[in-house]
Amino acid sequence: MLDQHSSEPFYCRTRFWSLCVAITIFPLIWAGGLVTTNDAGMAVPDWPGTFGYNLFLYPISTWISGPYDLFVEHGHRLLGAFVGLLAIALVAVAFAKQTSKKLRLWSLALLIAIICQGLLGGVRVLAVQQRIALIHGCTGPLVFLLASYVVVLSGRSRSVAIGDHLSSQAILDAETAINPIDASRLKEGFMTRGFHWWTTILALSTIFQLIIGASLRHAEPTLKPVGFMAITHLHLTFATIIFVLTVVTFLRSWTKKASYWNEAKRYSGLLFLLICVQVGLGIATWFVNYAWPWSGLTADLATHVNELKGFWETMIVTGHQAVGSLILVTSFLLSLAAWRLSQFGAKNHFIKQVRT
Amino acid sequence: MQFELEISLKTSKKATFPIIPVLQRFEASPVYLFLNDGSSTELDRPGAQLRHIKGYADLTFIKDLTTAATSLRRIKIPPPAAYMRRFMPFICAFGGKNAGLAFTSGTSSAVDFITPSICNFEPLFFLRCCRLAPMNSQRMLPQTCFLLLALASCFSLVGCTPNIQYPDHLLAEYRAQKEVGNDYMDLKVFVASSLSWLFGTIETPTLPDDLRSDLHLSDVLDINSIRRAAGPVGRNADGIESGVFRKHCTICHGLGGDGLGPSAMMLAPYPRDYRRGTFKFATSGQGKPPSHDDLVRIITDGIPGTAMPAMAALANDPHFKEDIEVLADYVVFLAIRGEVERRIWLEFIPELSQEEMNELAKVRDANDLTLESKQQLLDIVQTVGERWRNLAPTPNSVSSLAFQWPEDLESEKHAEMLASAKRGADLFQSETTACVQCHGATGNGDGRLNDFDEWTKDWTFRAGVDPRNPEQWKPLKRLGLLKPIVDQPRNLHYGAFRGGDDPYLIFNRLANGIAGTPMPAIPRIESSPVGLREDQIWDLVNFCQSLAFEETNRSEL
């Protein structure tokens with residue numbers, strides 16, 4: 001126990017750095033989305049340099065005053081390099097002796113993932129391959145997911161370590177002794193009745209949805225119209241599936257009263273909110289990209305003209321992608337919480353009570 | 001020997017991985033246990049559940065096992081490595097029928113691990129394996145996530161480098177094939193070689209001006225602009241942008257401007273097919289292609305109510321201001337190239353004798369083209385190119401009558417304008433203009449609502465195909481063509497003038513018609529006894545504009 005307490009500052013530091021990485025990856029995803037929306041992936045023809053300059057030495061004035069696609073692409077690279085540096089700092093802190101082996105390994109995995117993601121971006125530029133851009137776009141949110149997982153790990157390592165030796169029955173007994181009234185609710189915590197599987201299906205669906213959405217964003221010019229339509233319909237189908245699953249998980253978690261469902265409640269609530277926003281953004285994205293097929297319905301639709309690469313058009317499309325990555329992360333964290341609830345929920349709850 | 005055997009693979013302190021359901025997968029193979037001395041022992045039907053296993057195990061352990069097997073009911077095999085447990089569902093699922101269970105411990109060398117294959121992947125079995133393995137979610141979820149992504153990446157990389165080239169003119173080929181026969185399909189290589197000789201490739205387009213001195217396409221087209229527009233999206237080391245067309249237009253209009261871009265099927269109206277050489281919004285006169293300025297205007301302003309966006313932002317950005325000019329040039333280039341291709345299929349080839357066709361069928365590249373056929377091809381280019389030369393906007397002789405609604409409502413010309421609009425209303429209802437037939441008596445666009453878009457008739461009704469007949473439509477559908485949609489006359493009350501709401505542009509559309517649509521040119525009094533004067537057409541313009549502001553003027557009209 002004493003060892004665990006003495007290691008707390010290190011967990012705080014890893015949590016800080018992992019939070020820094022995760023928080024910085026989100027704008028990086030935004031910037032990546034802007035690159036795609038503005039077709040700026042090839043705005044800088046060389047890599048890892050920028051027009052012959054070292055990435056960090058490219059003149060700021062030229063960068064700021066240059067073409068917008070160059071501004072976005074070079075900015076994306078700079079931000080990516082910054083995230084890489086933050087990840088190195090995270091690994092350095094995590095490899096302090098007092099942190100768990102698991103946390104160290106996952107931090108290292110995160111750094112490797114970020115490096116691979118950067119390399120993938122470089123290969124996309126050097127090979128001039130739209131298909132690699134698609135993969136780069138898919139792996140970005142997964143790196144974000146990995147970073148979020150490290151954040152969760154860094155925040156939970158200590159409490160899990162304390163309670164590891166306790167069996168669920170022992171926790172139940174102890175809990176009953178501490179708070180007899182809450183014992184029945186505690187038992188309820190074990191009865192997830194497949195909730196964790198629902199959330200797992202939801203999380204996996206978001207991955208597929210991500211890949212499908214990226215396929216639409218990075219559609220090859222040689223793609224047949226019927227293929228594009230099939231992908232669009234698949235995207236809509238998965239959107240429906242995800243929406244339904246979100247509503248189900250939201251209702252199932254929010255009808256529980258036991259306190260250790262709170263984590264699942266938070267995630268499912270956030271997920272529900274994000275999905276609602278995402279549906280709106282999805283409709284808007286289609287509208288600003290391809291207009292409404294039924295423009296004869298109203299005068300406003302009939303007279304509306306989309307602006308190519310307009311500010312709102314760009315932000316809506318990029319926002320749809322960025323919120324998608326948030327949904328992916330939230331659904332996985334919800335799934336993680338649900339699994340923990342089914343296996344260790346009572347244990348964590350007990351630990352919290354003991355600590356308080 | 002007969003015994004009930006239940007094998008489970010001990011994976012950790014908390015979880016046990018049952019391999020029985022996995023073993024059930026492998027049928028028609030007896031169970032062998034391989035021994036240290038090289039011999040093997042076959043387990044004869046050890047139980048209803050464990051029927052088939054062809055596996056390898058720790059040899060010493062198995063040897064002990066066989067001696068004690070008769071009294072054994074449960075065996076626990078310690079896992080060789082932690083990763084075995086994590087990846088077991090993947091190994092079993094990917095391995096398919098051929099997968100063996102490779103168990104090893106210590107330094108045993110008698111292990112033959114069968115490589116999993118994506119080709120054998122069976123999702124349902126995979127899910128079953130996952131379900132049966134009580135995974136530790138904290139460990140498995142991120143791994144599963146990464147493995148799925150790796151899978152998706154593998155699938156995505158299949159056919160990583162698509163062959164980018166100008167798409168074939170499927171309609172022209174179809175019509176040629178339909179009219180004369182399958183022999184025409186042998187000439188595809190000839191047509192492709194001819195076009196490549198005349199116009200280069202999609203990456204490096206060329207103009208045929210060097211091939212004959214009288215073509216003068218460079219008067220109409222700037223080859224530098226065309227090369228900037230074509231090719232993949234990017235920017236060279238000098239910072240010069242390329243692939244502008246692919247960047248902004250291909251998603252709808254397609255690589256060759258055939259209107260069959262990836263998103264085309266989802267749009268209404270469908271994107272324009274440049275290769276027909278017909279454009280709706282032109283001020284250059286009846287039946288003429290649009291001028292450069294017309295194209296620049298449409299690209300800059302966009303088309304209301306459609307997927308065609310306004311690219312004004314490019315024009316206002318000093319770094320991209322040339323893009324619109326570049327795009328306009330490339331659109332003309334694609335239109336000329338497409339029209340030449342169409343004429344080769346529909347005019348040049350049908351006139352050939354069978355012997356000539358046989359000769360051309362032997363063509364494999366441009367070097368095989370005969371001098372005679374080259375001259376004939378260049379004649380076609382000259383004919384098509386001539387249409388695009390000397391295009392200028394029609395002079396506007398009565399522009400003083402063009403009012404700006406609703407700004408002029410407060411001006412001194414108000415009464416004059418209302419009178420003009422009222423005269424236009426009478427003309428709108430008259431038989432001379434016949435506007436009401438399509439646009440309806442009230443201008444709601446509810447007149448004729450059962451005809452197909454004029455653009456599609458080239459390859460439907462004129463080719464003897466009724467798109468409403470599924471049998472007739474089927475071969476065209478197989479070609480990947482877009483099903484014609486019913487043409488909708490414009491609702492004038494919306495004020496949504498797709499070709500532009502400038503009075504001069506409306507005048508031009510009334511006077512010259514809209515090419516490729518049922519909207520006819522209004523006959524002039526100079527050439528027809530039942531035609532209209534220019535000032536009467538301006539009355540109609542004012543009436544059309546007044547409808548858009550009907551709420552404001554209802555009482556006064």
Restricting attention to the range B:259-292, the residues that are in a loop (DSSP other than H, G, I, E, B) and within 23 Å of residue B:477 (Cβ to Cβ) number exactly 12
Check the range A:226-237 and report whether any residue there is under 30 Å from residue B:249 (Cα atoms), surrounded by 15 or more Cβ atoms within 10 Å (Cβ to Cβ), of a type in the set (Gly, Ala, Ser) and modelled with pLDDT of 90 or more. yes
Turns out the helices (runs of 4 or more DSSP H) fully within the range B:306-362 with at least 3 residues that are at pLDDT 90 or above and either hydroxyl-bearing (Ser, Thr, Tyr) or within 24 Å of residue B:207 (Cβ to Cβ) (or both) are B:323-343
In the set B:246, B:235, the lone residue that is basic (Lys, Arg) and within 27 Å of residue A:291 (Cβ to Cβ) is B:246
Being over 24 Å from residue B:230 (Cβ atoms), of a type in the set (Phe, Trp, Tyr) and touching a residue at least 24 places away in the same chain (Cβ under 8 Å) narrows B:320, B:333, B:348 down to just B:348
Residue set A:345, A:319; condition modelled with pLDDT of 85 or more and touching a Gly at 6+ places or on another chain (Cβ under 9 Å); output residue A:319
When (1) surrounded by fewer than 23 Cβ atoms within 10 Å (Cβ to Cβ); (2) at the interface with chain A (Cβ under 7 Å from one of its Cβ atoms); (3) closer than 19 Å to residue B:498 by Cβ; (4) touching a residue at least 60 places away in the same chain (Cβ under 8 Å) are applied to residue B:264, the one that fails is (1)
When the range A:238-258 is checked residue by residue, the ones that are under 18 Å from residue A:331 (Cα atoms) and buried (at least 18 other Cβ atoms within 10 Å of the Cβ) are A:238, A:239, A:242, A:245, A:246, A:249, A:250, A:252, A:253
By residue number, the members of the range A:294-322 that are on the phi < 0 side of the Ramachandran plot, at the interface with chain B (Cβ under 9 Å from one of its Cβ atoms) and touching a residue at least 24 places away in the same chain (Cβ under 8 Å) are A:313
Sole miss for residue B:226 among (1) crowded, with 21+ Cβ neighbours inside 10 Å; (2) touching a Leu at 6+ places or on another chain (Cβ under 8 Å); (3) within 14 Å of another protein chain (Cβ to nearest Cβ) is condition (3)
Within the range A:115-139, the residues that are closer than 16 Å to residue A:40 by Cβ and either within 11 Å of chain B (Cβ to nearest Cβ) or part of a loop (DSSP other than H, G, I, E, B) (or both) are A:125, A:128, A:129, A:130, A:132, A:133, A:134, A:136, A:137
Scanning the range A:284-293 for residues that are in a helix (DSSP H, G or I) and within 14 Å of another protein chain (Cβ to nearest Cβ) gives A:285, A:286, A:287, A:288, A:289, A:290
- Query: Does the range A:46-59 include one or more residues that are under 24 Å from residue B:322 (Cβ atoms) and in contact (Cβ under 8 Å) with a residue 40 or more places away in the chain?
  - Reply: yes
Would you confirm whether any residue within the range B:293-303 is more than 7 Å from chain A (Cβ to nearest Cβ), over 18 Å from the mean Cα position of the chain (by Cα), among the basic types (Lys, Arg) and not in a loop (DSSP other than H, G, I, E, B)?
yes
Per the list (1) in a loop (DSSP other than H, G, I, E, B); (2) free of Cβ contacts under 8 Å to residues at least 24 places away in the same chain; (3) of a type in the set (Gly, Ala, Ser), residue check on residue B:419 breaks on (1)
Checked against (1) closer than 25 Å to residue A:314 by Cβ; (2) modelled with pLDDT of 90 or more; (3) within 14 Å of chain A (Cβ to nearest Cβ), residue B:240 satisfies every condition except (2)
Just one listed residue, out of A:96, A:40, is crowded, with 23+ Cβ neighbours inside 10 Å and not in a helix (DSSP H, G or I), and it is A:40
Being part of a helix (DSSP H, G or I), within 22 Å of the chain's Cα centre (by Cα) and in contact (Cβ under 8 Å) with a residue 40 or more places away in the chain is the requirement here; does residue A:248 meet it? yes
Here is a check on your reading of the model: is residue B:282 within 14 Å of chain A (Cβ to nearest Cβ), of a type in the set (A, V, I, L, M, F, W, C) and either touching a strand residue (DSSP E or B) at 6+ places or on another chain (Cβ under 8 Å) or buried (at least 22 other Cβ atoms within 10 Å of the Cβ) (or both)?
no
Selection over the range A:203-242 where residues are among the aliphatic types (A, V, I, L, M), more than 23 Å from the chain's Cα centre (by Cα) and more than 8 Å from every other protein chain (Cβ to nearest Cβ) yields a count of 1
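The values are calculated or read from the model by the stated rules, or taken from the named source; none is laboratory data. Note that the structure is a prediction, hence the values are computed from the model and not measured. So basically every Cβ, Gly included, is an ideal-geometry build from the backbone, and we count neighbours across all protein chains shown.
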